[in-house]
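One structure is given here, and the rest of the page talks about it.
The values are calculated or read from the model by the stated rules, or taken from the named source; none is laboratory data. Values in this document were obtained by computation on a predicted structure and should not be read as measured data. All Cβ positions, glycine included, derive from the backbone under ideal geometry; neighbour counts span all protein chains shown.
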Amino acid sequence: MSQPTVSPAAEATHRTPDEAGMKCGRTSCYPCVVMIETALGRVEEGSASWGEIRHGDAFDLINMMPDESVDLVLTSPPYWGQRCYGQELSEHVLKRWEETGCPASRVPPYGWYHEAGGVLGLEPYPSWYVDHLVEFFNRARRILKPSSSLWLNLGDTYFARWGSIRDHGRQGYRDERQRRRTPSGGYLQDKQLLLIPARFAIAMQEAGWILRNDLIWAKPQVMPRPESDRLRLSHEHWLHFVPRQPRGRARYYYDINACEEGTRDVVICPTAPGSDGHTATFPPELIRPRIMSACPPGGLLLDPFCGTGRAIVAAIQLGRRGVGFEVSDVHAATAQRNLAAALFEAGVPLCLELQA
Ligand SMILES: C[S@@+](CC[C@H](N)C(=O)[O-])C[C@H]1O[C@@H](n2cnc3c(N)ncnc32)[C@H](O)[C@@H]1O
């Protein structure tokens with residue numbers, strides 16, 4: 001695969017990631033605006049950055065992206081009811097919502113929920129979580145090119161009236177866990193598999209997205225579980241959406257030759273060992289075919305919940321550009337380091353120019 005090459009002029013300013021990071025002296029944003037001649041063509045100086053990690057809430061940061069600038073959103077948001085990723089959760093959000101006179105069946109907009117101390121993924125009800133995700137991707141439509149795609153990885157959750165929330169580790173293992181009482185009733189019953197990916201996919205269809213694939217990521221090794229009355233969950237979903245066009249059929253960039261041999265919608269792939277304290281990292285072999293098939297060379301990938309930045313790193317390695325958002329300062333700093341190393345390895349000079 002072609003990678004960015006360095007022109008002699010640029011080589012003169014080439015620094016190590018550490019040197020460049022020190023020069024930037026910024027932790028909340030690591031823009032690496034570059035240049036010039038690449039194997040993929042000419043990138044106008046200042047018009048685009050090859051890679052950038054922005055620290056903050058994706059719901060705010062998405063509003064700062066230019067219209068129709070993104071070719072592919074590839075991401076994995078926090079799954080429902082599992083981890084807090086170091087964020088503080090208020091236990092009183094539902095009570096506060098009901099105090100406003102609104103029933104729990106009406107979902108508060110994410111802005112209100114977050115202001116009240118809510119955390120994405122730890123909504124009291126799956127319906128609130130699904131609506132918040134759909135709200136986010138509807139906001140994202142403005143920044144998507146008409147030829148763009150969204151690939152989203154989601155796992156499912158079993159309902160438990162006393163749920164276990166972990167700070168970082170996989171559910172059931174290693175990490176300290178907190179208990180939270182989750183409201184039950186209706187289909188929210190102990191032992192219920194919630195079908196969150198399906199609920200989300202249907203809500204997205206109703207919000208004007210076209211679902212093109214529900215790819216099953218089958219994991220050959222999964223940890224043992226204590227339950228003896230059900231099988232172990234050993235797959236997750238990767239949903240491929242494209243935006244519905246104002247008229248006519250959806251047309252989007254797609255190179256099927258870049259997908260796995262056999263082009264089937266079940267991919268067997270081991271989980272990637274967590275790196276840098278993050279345990280939900282993308283296996284690079286799984287995301288590379290998604291990036292190559294759905295993002296044109298030189299195109300821009302956005303991962304709004306980027307964790308350690310695996311998708312951004314893969315984009316750079318494959319000759320695409322990447323922007324990541326991350327709310328945790330620890331993970332954002334890791335993603336920045338990983339991005340800097342990837343740019344360095346790809347021969348892209350760092351910090352030729354700092355963005356305002
Ligand atoms: C499932 S993990 C993604 C891991 C990533 N795919 C990787 O390979 O490292 C979800 C990430 O979203 C981040 N996150 C949660 N809420 C967020 C928000 N509102 N805005 C931005 N990032 C958020 C979490 O801190 C976590 O790192």
Residue in the range 195-210 that is surrounded by the fewest Cβ atoms within 10 Å (Cβ to Cβ), counting only those that are among the small types (Gly, Ala, Ser) and outside any loop (DSSP other than H, G, I, E, B): ALA198
Some residue of the range 104-112 being closer than 21 Å to PHE325 by Cβ, in contact with a Ser or Thr (Cβ under 9 Å, 6 or more places away or on another chain) and in a loop (DSSP other than H, G, I, E, B): no
Top-ranked residue of the range 224-251 - restricted to ones that are aliphatic (A, V, I, L, M) and without any contact (Cβ under 8 Å) to a residue 60 or more places away in the chain, ranked as nearest to THR75 (Cα to Cα): ALA250
When residues of the range 125-168 are limited to those that are at pLDDT below 80 and surrounded by 17 or more Cβ atoms within 10 Å (Cβ to Cβ), the one nearest to the chain's Cα centre (by Cα): HIS168
Matching entry among LEU89, LEU74 (being within 12 Å of the ligand (Cβ to nearest atom) and within 17 Å of the chain's Cα centre (by Cα)): LEU74
Verdict on LEU61 being part of a helix (DSSP H, G or I), among the hydrophobic types (A, V, I, L, M, F, W, C) and surrounded by 15 or more Cβ atoms within 10 Å (Cβ to Cβ): yes
Selection count, the range 118-147, where residues are closer than 24 Å to MET65 by Cβ and among the hydroxyl-bearing types (Ser, Thr, Tyr): 2
Residue within the range 324-336 that is in contact with a Lys or Arg (Cβ under 7 Å, 6 or more places away or on another chain) and either more than 12 Å from the ligand (Cβ to nearest atom) or not in a strand (DSSP E or B) (or both) present: no
Test: residue in the range 40-56 that is within 12 Å of the ligand (Cβ to nearest atom) and modelled with pLDDT under 95: no
Single unsatisfied condition, SER69 versus (1) farther than 14 Å from PRO304 by Cβ; (2) at pLDDT 95 or above; (3) within 19 Å of the chain's Cα centre (by Cα): (1)
